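I have placed the structure first, in the form of structure tokens, so that the comments after it can refer back to it.
The values are calculated or read from the model by the stated rules, or taken from the named source; none is laboratory data. All of these numbers come straight from a predicted model, not from anything done at the bench. Please note: Cβ atoms are built from the backbone with ideal geometry, for glycine as well, and neighbour counts cover all protein chains shown.
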Amino acid sequence: MDWIHLRGLELRCVLGVYPEERRRTRRVRVDIAVACDTRRAGKSDELADALSYELIEEAAIAVAKKGKYRLIEALAAGVAEACMTHDGVQAVRVTVDKPGALAHTRSVAVDIVRQKLSG
């Protein structure tokens, strides 16, 4: 299986459980790794044979814009679910990084993996 990575996607969304976090959007960083077969695109060198990175990015942005999340786990799950709807995607790994979540820690992140069931 091959992996395509979208690294350092910066999104803005409502994210947090405390009242002050619910009042406005905050910046979060998202990394997405999509498992798919890239052999056809690698052989043809044609965009039409490749998974659209732009569509994956747009899906993640749409998830962040429409949701008001309490937990980074919920945001990660929403992004993963949106990525899995694209043809050819067999699995996805999503990391959501919330800078400044704790007073003495640079950031808190969650890393989730979802895959299509075979059979």
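Checking each residue in the stretch 76-101 for being exposed (fewer than 13 other Cβ atoms within 10 Å of the Cβ) and over 14 Å from residue 28 (Cα atoms) picks out 85, 87. Of the residues making up the stretch 87-94, one or more are in contact (Cβ under 8 Å) with a residue 12 or more places away in the chain, closer than 26 Å to residue 117 by Cα and of a type in the set (Gly, Ala, Ser). Of all the criteria given as (1) modelled with pLDDT under 95; (2) in contact with a strand residue (DSSP E or B) (Cβ under 6 Å, 6 or more places away or on another chain); (3) surrounded by 11 or more Cβ atoms within 10 Å (Cβ to Cβ), the one not satisfied by residue 16 is (2). Among all positions in the stretch 32-45, there is no residue which is touching a helix residue (DSSP H, G or I) at 6+ places or on another chain (Cβ under 8 Å), surrounded by 14 or more Cβ atoms within 10 Å (Cβ to Cβ), farther than 16 Å from residue 3 by Cβ and among the aliphatic types (A, V, I, L, M).
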